[in-house]
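Novice: Please read through the structure below; I'll follow up with questions.
The values are calculated or read from the model by the stated rules, or taken from the named source; none is laboratory data. On a predicted model such as this, the values are computed, not experimentally measured, just so you know. Please note: Cβ atoms are built from the backbone with ideal geometry, for glycine as well, and neighbour counts cover all protein chains shown.
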Amino acid sequence: MNMPVAQAVWSEKMFSREGYQFRLDDDRWRLNKDCEIPVSSIRKLLNPEIDLAIRHVLAFYATTTSAFHVHNCFYRCKAYLEATTGQSAFSVESLISYRSTLKKNNEWYLGTLRGFFKQWHAMGHPGITDEVIQLLGKWRLKGNEKGYAVQSMCPESGPLTDIEMQGVIEAITTAFGEGRLALLDTALTLTVALTGRRPVQITALKIKDMLKQTSKDGIDKFFINFPRAKQRHQSWRTQFSKFPISEDLWLILQQQAASVQREFKEIIGDAVPSKLVPDLPLFPNLKLLDINACLEDQLKIDTLHAPTYTMTNVLNEISEEINITSERTGLPIHLSPIRFRYTLGTNLARDGNSEYVIAEALDHSDTQNASVYVKNIPDIVKHINKAVALHLARHAQAFHGVLVMSEKDAARGNDRSSRITNGTQSVGTCGSYGFCGALAPIACYTCNNFQPWLNGPHEEVLEKLIKERDSILEQTNDLKIASINDRLILAVGDVVNRCKAMKEKVENV
């Protein structure tokens with residue numbers, strides 16, 4: 001290749017599928033808001049001809065597939081080159097040597113390389129011989145293991161139980177109501193928790209993706225029109241999938257949308273033109289907003305959308321803030337986007353839905369990943385007696401109020417209207433001055449403002465709840481319905497345990 005031609009090729013400008021410009025000779029390729037490929041980091045491991053060939057193949061993927069796929073191909077190739085330093089790169093011998101270093105659970109690395117090398121060979125660039133393609137074609141490689149966390153119901157990384165999920169949602173809404181969680185963090189977390197969508201889909205949302213439809217009989221239905229992810233050869237925000245949501249989540253997202261408009265107005269110094277408001281990101285990255293550039297152009301690509309790692313950071317912070325304990329481990333529940341996704345799939349399978357329904361709900365293009373949910377349906381605790389409730393309560397710690405010795409020791413203890421009764425006897429005091437429409441005393445046991453009295457009839461409340469659970473199960477034969485108050489049962493059990501411990505402590509003083 002003569003020098004002028006080589007320079008022309010190296011300086012060729014290209015655009016990633018998400019609209020980001022890069023050149024073959026750039027040291028790093030920015031492909032979207034989340035992905036930057038350090039292509040020059042493998043230059044020292046290659047001769048110039050092969051370096052250019054790899055760049056051409058990576059550029060093909062960058063312009064036709066997702067940035068994540070390019071990222072995967074590059075780093076799998078980089079790992080192979082580093083593991084076979086000193087051997088002839090991309091030779092039959094080096095590939096055999098590399099395979100010997102892999103274990104069954106990561107043999108899929110070669111599967112990624114096989115696809116990359118086949119494309120490389122098909123494009124006619126030097127570096128991959130016919131012998132290499134023949135060798136890779138003969139190998140039967142174990143695929144990436146799917147669904148281990150679901151199959152094992154891992155308490156650290158697998159699906160959340162109904163009790164855990166209920167506790168998390170209640171704690172988030174309570175913390176938001178008390179001003180301990182920001183609107184953005186609450187909206188992000190509730191969206192991933194209640195829809196199970198991938199972070200890349202949630203951070204790609206725009207205000208216009210929130211849909212409200214009113215039926216002929218006047219009933220409002222609410223949806224989020226999620227951009228699809230992991231769709232091959234599809235550009236950013238070109239395919240969508242509607243997901244039904246509750247009015248409560250809708251209202252939170254409406255608040256978030258209004259907040260976004262105010263933030264943009266504050267930065268640019270004027271209201272956003274009405275025609276551009278629908279295109280504003282629902283979860284923005286305002287640090288990258290350029291007030292000197294055309295806003296309409298900036299909204300056409302993903303630059304102003306929050307990076308996907310924002311989701312993980314927010315969930316880590318919220319996990320620490322709400323500090324909900326698992327009834328399975330007695331430890332704080334670790335929150336992650338994938339756990340909420342696993343939870344959605346698991347609950348759908350437990351409700352008897354088919355692989356096709358689960359795949360559609362999880363926005364999968366096929367059912368190969370949905371089968372793991374159908375084959376591993378977890379059981380809800382069928383029978384909860386008093387002993388089981390008290391045992392589980394020690395781990396769950398579902399009660400978040402304050403146990404007091406008597407009414408006079410409680411906040412608002414001198415206000416008779418603050419008494420909480422079970423119909424015949426008082427069980428505690430409400431420490432809040434606000435109006436509450438919750439069903440007392442049942443709902444009170446999971447409320448932060450509840451102050452149960454040491455000598456209150458809490459065991460009677462517990463026994464009544466267990467009896468009602470058994471009765472519902474007998475009448476409906478539906479464990480899902482019967483178990484709806486299981487976290488509440490554990491909260492009352494927690495109070496019973498704490499009363500017992502406090503009484504023993506008082507007696508020993």
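Novice: Of the residues that make up the stretch 51-67, is at least one part of a helix (DSSP H, G or I), out of contact with any strand residue (DSSP E or B) (no Cβ under 7 Å at 6 or more places or on another chain), over 30 Å from Pro307 (Cβ atoms) and among the hydrophobic types (A, V, I, L, M, F, W, C)?
Specialist: yes
Novice: Give the stretch 10-29 a look and list any residue that's in contact (Cβ under 8 Å) with a residue 12 or more places away in the chain and outside any loop (DSSP other than H, G, I, E, B), or say none. Steps first, please.
Specialist: In the first step, residues of the stretch 10-29 are kept if they are in contact (Cβ under 8 Å) with a residue 12 or more places away in the chain; the result is 10-12, 14-20, 22-29.
Result: Trp10, Met14, Phe15, Phe22, Arg23, Trp29.
Novice: For Thr303, all conditions in the list (1) assigned to a helix (DSSP H, G or I); (2) within 22 Å of the chain's Cα centre (by Cα) hold save one; what is the number of the exception?
Specialist: Going through (1) assigned to a helix (DSSP H, G or I); (2) within 22 Å of the chain's Cα centre (by Cα) one by one, Thr303 breaks only (1).
Novice: When you scan the stretch 118-134, do you find a residue that is crowded, with 20+ Cβ neighbours inside 10 Å, over 38 Å from the mean Cα position of the chain (by Cα) and assigned to a helix (DSSP H, G or I), even just one?
Specialist: Scanning the stretch 118-134, I find at least one residue that is crowded, with 20+ Cβ neighbours inside 10 Å, over 38 Å from the mean Cα position of the chain (by Cα) and assigned to a helix (DSSP H, G or I), so the answer is yes.
Novice: While we're here: Residues of the stretch 30-45 being assigned to a strand (DSSP E or B) and either not hydrophobic (A, V, I, L, M, F, W, C) or not assigned by TED's automatic domain parsing to the domain that holds Cys73 (or both), which ones?
Specialist: Within the stretch 30-45, Arg30, Glu36 qualify.
Novice: Can Thr310 be described as within 19 Å of Trp236 (Cα to Cα) and in a loop (DSSP other than H, G, I, E, B)? Lay out the reasoning, then the answer.
Specialist: Working: within 19 Å of Trp236 (Cα to Cα): yes; in a loop (DSSP other than H, G, I, E, B): no.
Considered against the rule, which asks whether it is within 19 Å of Trp236 (Cα to Cα) and in a loop (DSSP other than H, G, I, E, B), Thr310 comes out as no.
Novice: Checking the condition in contact with a strand residue (DSSP E or B) (Cβ under 9 Å, 6 or more places away or on another chain), basic (Lys, Arg) and touching a residue at least 60 places away in the same chain (Cβ under 8 Å), which residue from Arg487, Arg498 passes? So that I can check it myself, show each step before the final result.
Specialist: Numbers: Arg487 fails: in contact with a strand residue (DSSP E or B) (Cβ under 9 Å, 6 or more places away or on another chain).
Being in contact with a strand residue (DSSP E or B) (Cβ under 9 Å, 6 or more places away or on another chain), basic (Lys, Arg) and touching a residue at least 60 places away in the same chain (Cβ under 8 Å) holds for just one of Arg487, Arg498, which is Arg498.
Novice: I would also like to ask the following. Give the residue that is nearest to Ser16 (Cα to Cα), with candidates limited to residues of the stretch 65-114 that are of a type in the set (Val, Ile, Thr) and touching a helix residue (DSSP H, G or I) at 6+ places or on another chain (Cβ under 8 Å). Walk me through it before giving the result.
Specialist: To start, the set of residues in the stretch 65-114 that are of a type in the set (Val, Ile, Thr) comprises 65, 70, 84-85, 92, 96, 101, 112.
Then drop every residue that is not touching a helix residue (DSSP H, G or I) at 6+ places or on another chain (Cβ under 8 Å), which leaves 70, 84-85, 92, 96, 101, 112.
Details: Val70: 10, Thr84: 30, Thr85: 31, Val92: 32, Ile96: 33, Thr101: 34, Thr112: 20 Å.
Among those residues, the one meeting the criterion is Val70.
Novice: Of everything in the stretch 322-340 that's assigned to a helix (DSSP H, G or I) and under 23 Å from Pro284 (Cα atoms), which residue is nearest to the chain's Cα centre (by Cα)? Write out each step before concluding.
Specialist: Step one: of the stretch 322-340, the residues assigned to a helix (DSSP H, G or I) are 322, 337-340.
Okay, now just the ones that are also under 23 Å from Pro284 (Cα atoms), so 337-338, 340.
Numbers: Pro337: 2, Ile338: 5, Phe340: 5 Å.
Only one residue tops the list, namely Pro337.
Here is a yes/no grid of residues against (1) buried (at least 19 other Cβ atoms within 10 Å of the Cβ); (2) in contact with an Asp or Glu (Cβ under 7 Å, 6 or more places away or on another chain); (3) in contact (Cβ under 8 Å) with a residue 12 or more places away in the chain:
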residue: Ile169; (1), (2), (3): no, no, yes
residue: Leu183; (1), (2), (3): no, no, yes
residue: Thr186; (1), (2), (3): yes, no, yes
residue: Leu205; (1), (2), (3): yes, no, yes
residue: Lys208; (1), (2), (3): no, yes, yes
residue: Leu211; (1), (2), (3): no, no, yes
residue: Thr214; (1), (2), (3): no, yes, no
residue: Ile224; (1), (2), (3): yes, yes, yes
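Novice: From (1) outside any loop (DSSP other than H, G, I, E, B); (2) without any contact (Cβ under 8 Å) to a residue 40 or more places away in the chain, pick out the condition that doesn't hold for Trp250.
Specialist: Of everything listed in (1) outside any loop (DSSP other than H, G, I, E, B); (2) without any contact (Cβ under 8 Å) to a residue 40 or more places away in the chain, Trp250 misses just condition (2).
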